[in-house]
Amino acid sequence: MKPGVVVVLAFLVLVLRVSLSSASDDHRQKWWKWPSSSQAGKSICSSVVLPLYGNVYPQGYYYAQINVGYPPRPYFVDPDTGSDLTWLQCDAPCVHCTQAPHPYYRPNNDLVPCKDPLCASLHSGDHRCDDPDQCDYEVEYADGGSSLGVLVNDVSLLNLTNGVQIAPRLAIGCGYDQIPGPSYQPLDGVLGLGKGKTSIVSQLHSQGLIKNIVGHCFSSRGGGFLFFGDDVYDSSRVISTPMSRDYRKHYSPGYGEVIYGGKATGLKNLLVIFDSGSSYTYLSSQAYEGLLYLVRKELSGKPIREAVDDETLPFCWKGRRPFKSIKDVRKYFKPLALSFSSGWRSKTQFEIPLEGYLLISSRGSVCLGVLNGTEVGLQNFNIIGDISMQDKMVIYDNDKQTIGWLPANCDRLPSYDTISI
């Protein structure tokens with residue numbers, strides 16, 4: 001892999017150890033009445049929408065803002081469907097913390113005890129507690145980065161799409177010892193959106209606030225939005241495929257096949273995972289080499305050659321003059337797709353247009369935004385990253401156990417009344 005490659009890869013592979021001002025008369029503030037125990041689990045008909053910032057290139061990552069504590073303070077976090085735990089760099093005091101856009105999170109004294117089910121969900125098997133009054137955690141990511149800390153309860157301020165503002169108490173990680181990996185980005189922490197009990201979505205669902213659904217919409221022009229709940233999309237337009245019953249840890253449709261230019265490639269039996277914590281798409285070594293062969297074959301005899309002097313990504317190509325946009329290279333490349341089994345003799349295709357696997361570098365080259373996952377330690381996993389999910393609403397429905405998608409204008413946030421306090 002060439003130096004200078006910008007990679008964000010937050011796919012979680014291992015959990016290591018245990019151890020208010022008043023509103024105006026014409027816009028009255030709506031207050032949320034907390035659900036009684038009899039209402040718990042009955043989701044109200046509303047969603048949470050968070051704007052996204054950043055891009056795949058040149059910034060290299062998308063991020064959201066969450067507001068935590070009382071009074072609420074802003075933090076920029078990496079929205080990661082590949083991991084469960086939400087954590088913030090924390091002054092507890094901090095042993096090792098990296099550069100961040102905001103002052104480190106100052107925790108309160110509301111520790112999650114070791115016996116709490118949320119603590120148990122972070123650890124495999126029987127976990128022991130050095131201190132029964134607190135839940136220690138340590139998570140490690142695929143790029144070698146890690147966070148060590150303690151679980152705390154704190155208030156998060158959220159706006160629902162029905163105009164109600166809520167401040168649920170959620171368990172988050174106070175990360176006081178971080179080791180940055182090669183894909184480190186200067187953010188305040190990670191927003192865990194996975195399937196586990198500690199994920200923000202699972203916690204909001206368990207409190208009866210939303211349906212157990214999370215989704216995102218990354219714009220190829222930068223920005224987009226993230227949502228929890230189901231009232232921001234038309235379910236009749238969603239193309240969906242079942243989540244794998246054999247691989248339940250992450251959002252996986254199971255095994256897929258690469259389609260290139262509308263034709264089967266024979267690159268199949270690929271265990272696929274949708275991971276918003278990864279900027280680029282990764283294929284295991286054999287599939288990656290196979291795709292590279294097909295792309296090079298397609299480019300043979302055309303006025304485009306490899307740009308060995310462009311180190312933006314491992315493989316870039318240049319033409320007779322610098323390319324300005326993907327429109328300039330449409331005649332050279334073909335669209336991609338991944339085909340999944342959706343039932344008896346039924347197939348579903350996740351289509352990836354040229355914008356979903358190519359980018360134009362600052363030097364005017366066109367670069368392949370699909371990387372070799374085996375080289376970065378992903379073994380046989382194949383990751384659909386942000387680049388391939390752009391300009392689509394991707395929906396992870398944990399109630400129906402499906403992954404769905406539909407074309408969308410990700411520049412436009414779902415409309416709802418914004419309430420300010």
query = Suppose R0 equals 41 Å; then what is the FRET efficiency for Arg248 and Asp91 from their Cβ-Cβ distance, rounded to the nearest 0.05?
reply = 0.70
ask   = Of the listed peptides 407-414, 310-317, 215-222, what is their order by residue-averaged count of other C-beta atoms within 10 Å, with the highest listed first?
value = 215-222, 310-317, 407-414
Chain lengthening between Arg169 and Lys324 when straightened (0.36 nm per residue, less Cα-Cα) = 51.0 nm
query = Taking all pairs of different Cα atoms in segment 68-209, averaging 1/r and flipping that mean, what Kirkwood radius in angstroms comes out?
reply = 15.4
Interchain or long-range residues, amide H under 5 Å from Ser278's placed H = Ala10, Asp386
query = Which value in nm describes the separation of the simple spin-label points at Tyr293 and Lys331, placed 7 Å from the Cα toward the beta carbon?
reply = 2.9
message = Past 18 Å, Cα to Cα: identify those pairs from Lys268/Lys331; Lys297/Lys347; Lys302/Lys331; Lys263/Lys334; Lys195/Lys400, in the order given.
response = Lys268/Lys331; Lys297/Lys347
key: Radius ratio Rg over Rh of segment 235-407, counting only Cα atoms, Kirkwood formula for Rh   = 0.98
note = For the Asp131, Gln99 Cβ pair and Förster radius 35 Å, calculated FRET efficiency rounded to 0.05 is 0.70
request  = Would you mind getting me the FRET efficiency between Ser121 and Asn67? Use the beta-carbon distance for r and R0 = 30 Å, nearest 0.05.
outcome  = 0.75
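Laboratory data are not the source of any read-out in this text; all were calculated from the coordinates shown. In this text the structure is predicted, and so the values were computed from the model without any measurement. Positions of Cβ are backbone-derived with ideal geometry, glycine not excepted, and every protein chain shown enters the neighbour counts.
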